[in-house]
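Data first, discussion second: the structure below is written as structure tokens.
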Amino acid sequence: MDSFTHKLCVTKLHPQMCHFILRENQLQVRKRVEKHDPSYWKMDKLVKFLEKAALIHPIPGREGRRECVSAHARCTSLVIRGDKDEQAVLCSRDKTYDLKIADTSNMLLFIPGCKTPDQLKKEESPHSIVHTEIFGFSNNYWELRRCRPKLKKLKKLLMENTYEGPDSEKEGDLSRSKYTTEDLLDKIQASEEEIMTQLQVLNACEIGGYWRILEFDYEMKLLSHITQLVDSESWSFNKVPLNICLQELGPLEPEEMIEHCLKCYGKKYTDEGEIYFELNADKICRATAQMLLQNAVKFNLAEFQEVWQQSVPEGMVTRLDQLKGLALVDRHSRPEIIFLLKVDDLPEGNQERFNSLFSLREKWTEEDIVPYIQDLCGEKQTTGALLTKYSRSSMQNGVKVYNSRRLIS
């Protein structure tokens, strides 16, 4: 197994090994070891250290997996995730943290049988001063800083084997990669809640116990079946009955796929005991635009808007603001053009993302660039702060534009 998952337990005090401190927005793990350089830990280096310090041990029967040695039976589980060549991150149930060694001016002493203030409060015996042995000391600790989950790898893994329908020849090839929830938790540097949320964003679904992304052409085929049925039955897009959809389209495609497509492009609700879906016009228009743009390098904007409006179901109205983070308009070319530029295809790191954007276009308006950096914002961070840090602004024909702070080759 190429990846490692290690479980630690948050305890108030482990008398011989380490001290875990949980504060409002910062989790610190103080350690008892020789000095280390204050740098981010590679996964293989971290594993060796934890095993040497006897803080983790192998889980029997599970190759490549470790769990912690805990002094308390009741604790909150944390997981350290990453491949051997990746910087280790620590994940709680819903958050992800970078691991980094930091120094402290306050020396931490390790005392066998030491009791925490909460434990002392429960004792009825009078307090007294006792002489005790100092087992060890430390003047540095692991500092955990909240970071964005590293989720780009999730889509990359799932795109290795997209689902093209039950009759696809690929489904009979057992050598093709498939991933269960447990597999993804082993390989993705993010908390379980963040991974599950991203699976919803990617419109992934579980098929036979494995997470799959539908091939885009197959997804559009399913959507076309649904919209054509809505049109033929003269239904409102706000009230599409699930049961009738399954009855009518079941002979064409698996019922689970029909319902999955309705969930991707609509909102489920119940009325008088019947299940309905309210289809989202913006999502349908956006998917239709992607279908039109994916086979063209560049598209005349005026022609595209005309074809786009003709391609969506009757009654839906197309607007360019539906394409934020999916397509980019170049209004300086003559004629004006539009082309596919998906935010999912851009680098995950902040500096790499800005380098990629500024290599594509020298100057950006705020309206154009914000959809491509919005996902980089951390807790309490704004796109304005990112633009200030990674770009410089100027005025061009009365409009504020942003260009790179560094030379882009």
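Need pairs with beta-carbon distance below 6 Å; first residue under 16 Å from P313 (Cβ atoms) and within segment 283-297, second open to solvent by 30 Å² or more (accessible area, probe 1.4 Å) and assigned to a helix (DSSP H, G or I); sequence gap 6+ or separate chains.
That search, which allows pairs on different chains as well, returns T288/S311.
Which helices (runs of 4 or more DSSP H) does segment 117-195 wholly contain that include 1 or more residues that are at pLDDT 90 or above? Steps first, please.
Values: elements: 117-122, 152-158, 181-187.
In segment 117-195, 152-158, 181-187 are the helices (runs of 4 or more DSSP H) which contain 1 or more residues that are at pLDDT 90 or above.
Looking only at residues in segment 213-239 that are buried (at least 20 other Cβ atoms within 10 Å of the Cβ) and under 27 Å from E348 (Cβ atoms), which one is farthest from the chain's Cα centre (by Cα)?
E219
Restricting attention to segment 189-199, does a residue exist that is touching a Ser or Thr at 6+ places or on another chain (Cβ under 6 Å) and open to solvent by less than 60 Å² (accessible area, probe 1.4 Å)? So that I can check it myself, show each step before the final result.
Step one: of segment 189-199, the residues touching a Ser or Thr at 6+ places or on another chain (Cβ under 6 Å) are 190-191.
Of the ones still in play, those that are also open to solvent by less than 60 Å² (accessible area, probe 1.4 Å) are 190-191.
Scanning segment 189-199, I find at least one residue that is touching a Ser or Thr at 6+ places or on another chain (Cβ under 6 Å) and open to solvent by less than 60 Å² (accessible area, probe 1.4 Å), so the answer is yes.
Taking the condition of being part of a helix (DSSP H, G or I) and open to solvent by less than 80 Å² (accessible area, probe 1.4 Å), how many residues in segment 244-266 meet it?
To start, the set of residues in segment 244-266 that are part of a helix (DSSP H, G or I) comprises 244-249, 255-265.
Among the residues that remain, those that are also open to solvent by less than 80 Å² (accessible area, probe 1.4 Å) are: 244-246, 249, 257-262, 264-265.
So the count comes out to 12.
Of the numbered conditions (1) surrounded by 13 or more Cβ atoms within 10 Å (Cβ to Cβ); (2) in contact with a Ser or Thr (Cβ under 8 Å, 6 or more places away or on another chain), E348 satisfies every one except a single condition; which is it?
With respect to (1) surrounded by 13 or more Cβ atoms within 10 Å (Cβ to Cβ); (2) in contact with a Ser or Thr (Cβ under 8 Å, 6 or more places away or on another chain), E348 is out only on (2).
Could you list, in sequence order, the residues of segment 277-335 that are closer than 24 Å to W235 by Cα, over 30 Å from the mean Cα position of the chain (by Cα) and open to solvent by 60 Å² or more (accessible area, probe 1.4 Å)?
Q309, Q310, E314, G315, V317
Applying the selection to segment 87-109, what residues are over 18 Å from E194 (Cα atoms) and open to solvent by 60 Å² or more (accessible area, probe 1.4 Å)?
Passing the criteria: Q87, D103, S105, N106, M107, L109.
The values are calculated or read from the model by the stated rules, or taken from the named source; none is laboratory data. Given the structure is predicted, the values throughout are model-derived calculations rather than measurements. Positions of Cβ are generated from backbone atoms using ideal geometry, with glycine treated the same way; all protein chains shown enter the neighbour counts. Ligands, DNA and RNA are excluded from the accessible area calculation, which covers all protein heavy atoms including side chains. Shrake-Rupley method; radii C 1.70, N 1.55, O 1.52, S 1.80 Å.
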